[in-house]
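Here is the structure we will look at.
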Amino acid sequence: MATAQKSMGDMAGRVLLTLIGATGIIVGAFMHWIHDLGGMQLSNQALYKHVFTAEVHPATTVGMIVLIIGLAAVVGLATSGWLTRLAGALAIVVFTLLWIQLYLKGARFLPGPGPWLALAGGIVAAVGGG
């Protein structure tokens, strides 16, 4: 009986952490990222080039990448947790790539709240996937 309760508690914790992490990732995709650009406006080139421009097509923005990662974290609830852990790790990688591009040329400003929320959500999702 104790193992069944422990399993139920583990599953509830996993679901809760995954949903909190995925929410952070998804909400972060729509928030302010750099300068006056939101995540759904910032070109995906900001992750691998030192180009911080607005993108007309939402499919090629950093926000769309992060949004897909957040949705993958939720879908990971149907698996053994590996997809949720992968989504959390990818959210951390997106933050790291942006951070590298920001400070590669000596930028003197911090990113907005969007990347920070995506990072926090990625960490929580990675923990929740386990």
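Among the residues that make up region 37-52, is at least one of them outside any helix (DSSP H, G or I), charged (D, E, K, R) and farther than 15 Å from Gly128 by Cβ? Steps first, please.
Applying the first criterion (outside any helix (DSSP H, G or I)) to region 37-52 yields 37-43, 48-52.
Okay, now just the ones that are also charged (D, E, K, R), so 49.
In the following step, the residues that additionally are farther than 15 Å from Gly128 by Cβ were identified as 49.
Yes, region 37-52 contains at least one residue that is outside any helix (DSSP H, G or I), charged (D, E, K, R) and farther than 15 Å from Gly128 by Cβ.
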Suppose we filter Leu47, Leu71 for residues that are without any contact (Cβ under 8 Å) to a residue 60 or more places away in the chain, out of contact with any strand residue (DSSP E or B) (no Cβ under 8 Å at 6 or more places or on another chain) and buried (at least 18 other Cβ atoms within 10 Å of the Cβ); which single one remains?
Leu47
Give me the pairs, please: first residue somewhere in region 97-114 and surrounded by 15 or more Cβ atoms within 10 Å (Cβ to Cβ), second residue anywhere and at pLDDT below 80, beta-carbon distance under 7 Å, and either six or more positions apart or on two chains.
none
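For (1) under 20 Å from Ile92 (Cβ atoms); (2) of a type in the set (Asp, Glu); (3) modelled with pLDDT under 90; (4) touching a strand residue (DSSP E or B) at 6+ places or on another chain (Cβ under 7 Å), each residue gets a yes or a no:
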residue: Met8; (1), (2), (3), (4): no, no, yes, no
residue: Thr23; (1), (2), (3), (4): yes, no, no, no
residue: Phe52; (1), (2), (3), (4): no, no, yes, yes
residue: Val56; (1), (2), (3), (4): no, no, yes, no
residue: Ala59; (1), (2), (3), (4): no, no, no, no
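The values are calculated or read from the model by the stated rules, or taken from the named source; none is laboratory data. What you see is a predicted model, and the numbers here were worked out from it, not measured in a lab. Ideal geometry is used to build each Cβ from the backbone, glycine not excepted, and the neighbour counts take in all protein chains shown.
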